[in-house]
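Working notes, structure below.
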Amino acid sequence: MFRKLAVLFVGMVVPLAALADDSLAKFKGGIGVIPVSSGQGAAATATVVNRNLVRGVQPPGQIWVIADLKAEVKTDSSIKVRGKGLLLGGGNGIGGNANQSVRATLICDAAGAVLFDTGLVALEPNGDFRIDDVLRSATGELPPNPCASPVLLIRNPAGSWFAAGIPDLQNDD
């Protein structure tokens with residue numbers, strides 16, 4: 001009788017273990033890029049500016065905004081990203097998508113030594129996009145587990161970052 005109960009218990013626990021969270025990182029919400037982080041010199045006439053680099057990744061030449069972003073990276077390096085309203089926030093093309101394509105980039109170390117990228121997807125006219133892909137470095141590596149200091153950037157084909165994911169420290173769905 002005890003043996004039957006033990007088998008039944010194991011049969012119930014193993015599926016629960018299989019349902020354990022296999023997330024490497026989650027992001028909920030997004031931040032659009034402001035290309036210049038500060039100016040040097042007199043406030044009204046600064047001629048030298050500090051570009052808004054994130055872990056060594058350059059910003060584009062114009063402000064971009066994003067209405068919403070949700071992303072989840074799994075331990076197998078698969079990633080799902082849902083972005084809404086990634087649009088120009090300034091210049092003559094304000095409110096448009098500039099016919100851009102974007103990729104997701106995960107950076108796990110504070111120095112930004114290795115970038116893990118997806119393929120490119122085109123922005124919809126309203127700035128919405130979906131990425132369902134696998135993250136890999138330029139040499140084919142997968143992101144480390146654990147990802148010590150995760151940063152998610154949405155970048156263009158030239159490599160400039162347009163938006164960043166806000167880490168979901170609560171790991172809510």
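What is the fewest-to-most order of Cys108, Cys147 by other Cβ atoms lying within 10 Å of their Cβ? Intermediate values should be presented prior to the final figure.
Working: Cys108 23, Cys147 18.
Arranged by neighbour count, lowest to highest, Cys108, Cys147 become Cys147, Cys108.
I need the shape label for segment 22-167. Rule: rounded when a/c is under 1.5, else prolate if a/b > b/c, else oblate, with a, b, c from the alpha carbon gyration tensor. Write down the numbers at each step before the final one.
Working: a/c = 2.16, a/b = 1.40, b/c = 1.54.
Here segment 22-167 falls in the oblate category.
Which of rounded, prolate, oblate describes segment 105-173, given a ≥ b ≥ c as roots of the alpha-carbon gyration tensor eigenvalues and a/c under 1.5 marking rounded, otherwise prolate only if a/b is larger than b/c?
It is oblate, given that a/c is not under 1.5 and a/b is not larger than b/c.
Between Ala138 and Ser38, what length comes free when the chain is fully extended (0.36 nm per residue of separation minus the Cα-Cα distance, one decimal in nm)? Numbers along the way, then the final one.
On the way: separation 100, 0.36 × 100 = 36.00 nm, distance 3.15 nm.
Additional length available on full extension: 32.8 nm.
Rounded if a/c is under 1.5, else prolate if a/b is larger than b/c, else oblate: which is segment 50-90, with a ≥ b ≥ c the root eigenvalues of its Cα gyration tensor?
Numbers: a/c = 4.07, a/b = 1.45, b/c = 2.81.
Oblate is the answer for segment 50-90, as a/c is 1.5 or above yet b/c matches or exceeds a/b.
Mind checking the full-extension length gain between Arg130 and Ala113? Use 0.36 nm per residue of separation minus the Cα-Cα distance, one decimal, nm. Could you put the intermediate results ahead of the total?
Working: separation 17, 0.36 × 17 = 6.12 nm, distance 2.61 nm.
Gain on extension, Arg130 to Ala113, equals 3.5 nm.
Give, in nm to one decimal, the length gained when the segment between Thr47 and Ser78 is fully stretched (0.36 nm per residue of separation minus the Cα-Cα distance).
Numbers: separation 31, 0.36 × 31 = 11.16 nm, distance 4.33 nm.
Additional length available on full extension: 6.8 nm.
Leu135: net charge of surrounding residues, Cβ under 12 Å, Lys/Arg +1, Asp/Glu -1, itself excluded? Mind dumping the intermediate values first?
Details: positive: Lys74, Lys80, Arg103, Arg136; negative: Glu72, Asp76, Asp117, Asp132, Asp133, Glu141.
Within the 12 Å Cβ shell, the charges total -2.
Taking 7 Å along the Cα-to-C-beta vector as the label spot, tell me the Asp68-Ser149 distance in nanometres, rounded to one decimal.
Distance between the two pseudo-spin positions: 3.1 nm.
No lab work stands behind these numbers, since they all come straight from the coordinates. Owing to the predicted nature of the structure, the values given are computational and were not obtained by experimental measurement. Every residue, glycine among them, receives a Cβ derived from its backbone with ideal geometry; neighbour counts consider all protein chains shown.
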